[in-house]
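Step one of this worksheet: look at the structure below.
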Amino acid sequence: MAFFDFDSIKDKAKDLAQTGMSKSKQIGEIAKLNLANVGEEDTIKKAYIEIGKLYYAERGMAPEAAYAALCEKITAAKVNIEENRNRIEELKTEGGIADADVIPVPEAPSVEAEPSKDMPEAPKAPVEPLAGDVPPQE
């Protein structure tokens, strides 16, 4: 018959439980910090978007060289959207189609959304086609 030292087993179990609790607290803190980082990254992305909107509103029709291609893409997309909307209205009128007859498509967040409270209001730039050819869409 083997002799067990219950005190040493009890001490080892206690040490294991404390180690497990310590690891659990560390894992919980890591999860909270990772979640906080996701929130901060979202804040950065929103600020980048606001910077881009502000730049386009102020300089989109005469951008600096480094931003010209991106501004052209935005302007071309806005022109395409307006042309599509006009064609939709033509088709509705020609076919006697009511808005209720058209399958609704969820809209993307508005590009013209209000700037955040931290950003000043930018003047609205008119949507005008670019001179020359519009670069192909990617």
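The values are calculated or read from the model by the stated rules, or taken from the named source; none is laboratory data. Since the structure is predicted, the reported quantities are computational estimates derived from the model, not experimental observations. When we count neighbours, we look across all protein chains shown, and the Cβ atoms used for this are built from the backbone with ideal geometry, even at glycine.
Could you please find all residues in the range 91-111 being over 30 Å from the mean Cα position of the chain (by Cα) and surrounded by 10 or more Cβ atoms within 10 Å (Cβ to Cβ)?
Of all residues in the range 91-111, those over 30 Å from the mean Cα position of the chain (by Cα) come to 91-98, 100-101.
Matches in the range 91-111: LEU91, LYS92, ILE97.
So which residues in the range 57-75 are crowded, with 16+ Cβ neighbours inside 10 Å and under 16 Å from ALA108 (Cβ atoms), if there are any at all?
Residue satisfying the conditions is ILE74 alone.
With PRO135, PRO115, PRO120 as the choices, which residue is surrounded by 10 or more Cβ atoms within 10 Å (Cβ to Cβ), touching a Leu at 6+ places or on another chain (Cβ under 9 Å) and at pLDDT below 85?
PRO115
A quick yes/no check of all residues on (1) at positive phi; (2) part of a helix (DSSP H, G or I); (3) at pLDDT 90 or above; (4) not β-branched (Val, Ile, Thr):
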position: LYS10; (1), (2), (3), (4): no, yes, no, yes
position: GLN18; (1), (2), (3), (4): no, yes, no, yes
position: ILE27; (1), (2), (3), (4): no, yes, yes, no
position: LEU33; (1), (2), (3), (4): no, yes, yes, yes
position: ALA57; (1), (2), (3), (4): no, yes, yes, yes
position: ALA68; (1), (2), (3), (4): no, yes, yes, yes
position: ILE88; (1), (2), (3), (4): no, yes, yes, no
